[in-house]
1. Working only within region 147-174, note down all residues that are surrounded by fewer than 18 Cβ atoms within 10 Å (Cβ to Cβ) and assigned to a helix (DSSP H, G or I).
2. Please tell me if Leu93 is surrounded by fewer than 18 Cβ atoms within 10 Å (Cβ to Cβ) and either under 28 Å from Ala228 (Cα atoms) or touching a residue at least 60 places away in the same chain (Cβ under 8 Å) (or both).
3. Inside region 156-185, can you point out the residues that are of a type in the set (A, V, I, L, M, F, W, C) and modelled with pLDDT of 80 or more?
4. Any residue at all in region 141-149 that is closer than 22 Å to Glu178 by Cβ, in contact with a Pro (Cβ under 8 Å, 6 or more places away or on another chain) and among the charged types (D, E, K, R)?
5. Could you give every pair whose Cβ atoms fall below 8 Å, whose first residue belongs to region 231-247 and is on the phi < 0 side of the Ramachandran plot, and whose second residue is in a helix (DSSP H, G or I) and aromatic (Phe, Trp, Tyr), counting only separations of at least 6 or pairs across chains?
6. I'm checking my understanding of the structure. Among residues of region 37-53 that are surrounded by fewer than 12 Cβ atoms within 10 Å (Cβ to Cβ) and either modelled with pLDDT of 65 or more or under 23 Å from Leu74 (Cα atoms) (or both), which one is nearest to the chain's Cα centre (by Cα)?
7. Could you check how many residues of region 186-214 are under 21 Å from Arg108 (Cβ atoms), modelled with pLDDT of 80 or more and surrounded by fewer than 21 Cβ atoms within 10 Å (Cβ to Cβ)?
Amino acid sequence: MQSTDANSFSKICRLNHPLHLKKKDPMNANTPHQKQYSSATQRLLKPQIEHFFVEEFPKLFGPVMRAHIADALLELFTRQVRQTTTLEPGQILWNAVDIATRADSPNRRFVPVVLTMVSEQDIQNRTKGLSIMEIRAQSTARILREAYQQGALLSMRDITLLCWHPMSMPSRWRKYYEQLNQCELPHPGNLQDMGSCVTHKDQIVYKAIVEKKDPVQVANETKHTQQAVDRYLKDFHRVQTVYNHNSDPDYISLVTNISKSVVNQYINLVEKHDISDK
């Protein structure tokens, strides 16, 4: 009797076996919905980037690395691309060098900035008879400040490309505006000690070497980054040291690996402030 009951129970278990199986996650199950819709994700940008690496570099990256690269590229696209609907007539989108880096740095970064090339005020000023020189000076000041407010610095080369004028013209417009308004506009020449701008070089040398002020204070007073002030003072002392032994600019440039034009600026500062032996 017991054997018959056991056999019956076993038979019942076999018949109802599917009921005791662990239920599958409907999201992971091979359902008709999955078959029909899962491939649709390939139409999205990230899967397309991953598929590109599968086709072009099949043995170089695994799925995890491909996903990380795709995420990094998407982040880059997000930073660099703006909706054109955010631009007003007269504005353009331009990639300028991040203010925290330098154009000559191997690790330089770029920031997408919106620049107002033509404003309503420009048109009104021209209507009133304001000269082209004055309007260009005002627009140069405007886009330099706009880039700075967005965390970037426009160079004179940037403005040359944007306006298709000779390289000397943007500098002339900028200097004209600065002299007329007794101010200094933000650009790499005065904030990062790049190019031929010597105004801040003179100030930094005088404050740090002659007045013996702390470089941190000098950076605050001249509105330079601390990195720019430290780099400037380091190069200045290098030129000064060689100058004390040999004042030939060509020799100093060769020894310090600093361009001759910049070496001549340093020499002029040394002689101007009579600090060759300090």
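The values are calculated or read from the model by the stated rules, or taken from the named source; none is laboratory data. Just so it is clear, the structure is predicted and the values come from calculations on it, not from any experiment. Using ideal geometry, Cβ is built from the backbone for each residue, glycine included, and neighbour counts are taken over all protein chains shown.
1. Gln149, Arg157, Thr160, Leu161, Leu162, Cys163, Ser168, Met169, Arg172 - these are the residues of region 147-174 that are surrounded by fewer than 18 Cβ atoms within 10 Å (Cβ to Cβ) and assigned to a helix (DSSP H, G or I).
2. For Leu93, the condition - surrounded by fewer than 18 Cβ atoms within 10 Å (Cβ to Cβ) and either under 28 Å from Ala228 (Cα atoms) or touching a residue at least 60 places away in the same chain (Cβ under 8 Å) (or both) - is met.
3. Correct list: Met156, Ile159, Leu161, Leu162, Cys163, Trp164, Met167, Met169, Trp173, Leu180, Leu185.
4. The answer is yes, given that some residue of region 141-149 is closer than 22 Å to Glu178 by Cβ, in contact with a Pro (Cβ under 8 Å, 6 or more places away or on another chain) and among the charged types (D, E, K, R).
5. Hits for this filter: Asp235/Tyr266; Phe236/Tyr266; Val239/Tyr266; Gln240/Tyr266; Val242/Tyr251; Tyr243/Tyr266.
6. Ranking the candidates gives Leu45 first.
7. Of the residues in that region, 1 qualify.
Listed here are the residues, each with its yes/no results for (1) under 27 Å from Ser155 (Cβ atoms); (2) modelled with pLDDT of 85 or more; (3) not aliphatic (A, V, I, L, M); (4) not in a loop (DSSP other than H, G, I, E, B).
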residue: Asn7; (1), (2), (3), (4): no, no, yes, yes
residue: Arg14; (1), (2), (3), (4): no, no, yes, yes
residue: Leu19; (1), (2), (3), (4): no, no, no, yes
residue: Met65; (1), (2), (3), (4): no, yes, no, yes
residue: Ala72; (1), (2), (3), (4): no, yes, no, yes
residue: Phe77; (1), (2), (3), (4): yes, no, yes, yes
residue: Pro89; (1), (2), (3), (4): yes, yes, yes, no
residue: Val97; (1), (2), (3), (4): yes, yes, no, yes
residue: Asp104; (1), (2), (3), (4): yes, no, yes, no
